[in-house]
1. At 7 Å along the Cα-to-beta-carbon direction for both E113 and E53, put a label point, then send me their distance in nm to one decimal.
2. Checking a compactness column here: for the chain, what do you get for Rg(Cα) / (2.2 N^0.38 Å), N being the number of residues?
3. Neighbour counts of other C-beta atoms within 10 Å: give me D26, D172 arranged from fewest to most.
4. Provide the packing ranking of 193-202, 123-132, i.e. peptides ordered by the mean count of other C-beta atoms within 10 Å per residue, highest first.
5. Using the crude model of +1 on Lys and Arg Cβ and -1 on Asp and Glu Cβ, and no other charge, please compute the dipole size for the chain relative to its Cα centre, in debye to 20.
6. Taking 7 Å along the Cα-to-C-beta vector as the label spot, tell me the S3-D170 distance in nanometres, rounded to one decimal.
7. Report the FRET efficiency, 1/(1 + (r/R0)^6), for A130 and Q25, where r is their Cβ-Cβ distance and R0 is 30 Å, rounded to 0.05.
8. On a full-extension model of 0.36 nm per residue, what is the gain between R40 and A153, subtracting their alpha-carbon distance, rounded to one decimal in nm?
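Computed from the coordinates by the stated procedures, all read-outs in this text should not be read as laboratory data. Keep in mind it's a predicted model, so treat the numbers as computed, not measured. No Cβ is skipped: glycine too gets one built from the backbone with ideal geometry, and neighbour counts run over all protein chains shown.
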Amino acid sequence: MSSTLAFTKMHGLGNDFVMIDAVRQDIQLTEAQVRYLADRNFGVGCDQLLVVEPAQAPGVDFRYRIFNADGGEVEQCGNGARCFARFVFDQGLTDKREIRVETKKGIITPRLEADGTVTVDMGVPVLNPADVPFVSDSEAWVQPLDVGGTVVAITAVSMGNPHAVQVVADVDAAPVAVQGPLIEHHTRFPARVNAGFLQVVDEHRVRLRVFERGAGETLACGTGACAAVVAGILRELVVSPVTVETRGGELTIAWDGIGTPVMMTGPAVTVFSGTLTLP
């Protein structure tokens with residue numbers, strides 16, 4: 001049986017999302033329906049589909065669920081978190097400019113700034129390999145990873161989702177299309193992983209490309225930017241705050257070191273809203 005679904009298309013630096021209000025709509029999407037909505041030829045088209053649900057835990061405002069274009073549910077999405085905060089405010093679901101949001105991996109606190117950008121407390125980065133998860137008998141910040149016969153030096157970080165960050169001389173020439181899927185599916189990352197390619201411009205500016213788990217390379221990845229800056233600071237290559245240049249635009253990332261949360265600031269833009277009939 002088909003049903004009508006209201007949605008909003010948004011993006012954060014070109015990382016695009018279909019936003020679903022499941023507070024005022026009774027909706028339970030199947031994996032096939034998520035793939036349909038994410039399809040750029042037959043559906044709306046997006047990198048991820050984001051669902052706003054009523055809070056299930058005390059002391060929080062909403063529950064935030066994230067589905068990749070392949071239909072799989074994932075733990076966290078930083079650019080999506082900014083769009084989430086903008087969406088619930090613009091849609092009148094809350095009048096708060098700062099909200100507490102429940103995700104699969106904990107609570108985040110996005111805040112609408114006066115200039116229209118959104119700052120998100122992305123939480124404390126997870127660096128213990130087993131918790132990323134990353135299979136390793138070492139806790140070193142930089143570790144070798146055999147990628148199709150080429151050994152690259154990566155830093156494994158979880159920002160609620162796993163990232164493998166490597167430093168490259170020129171991000172434009174980086175082998176993202178070749179190494180990205182190999183790293184994503186590497187056996188040492190049992191939950192798969194987002195592959196980050198980081199170029200250091202100076203101590204407060206970097207350039208970044210990310211091959212995202214379940215989505216491929218995107219124009220920007222918020223958690224990837226956070227993980228990249230954490231990796232850069234741990235390697236003593238950059239100093240907080242850091243401007244991260246992505247193909248979709250710039251993010252500002254601040255981190256005061258181990259045991260402290262990462263703060264991410266950037267735009268969140270509404271493109272259009274509409275309704276469609278689900279198959």
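1. Those two pseudo-labels are separated by 3.1 nm.
2. 0.96
3. Ascending Cβ contact count within 10 Å gives the list D26, D172.
4. Result, highest mean first: 193-202, 123-132.
5. Values: 22 positive and 33 negative charges, 79 e Å.
Dipole size: approximately 380 debye.
6. For the pair S3/D170, the computed spacing is 5.2 nm.
7. 0.15
8. Between R40 and A153, full extension yields 37.2 nm more.
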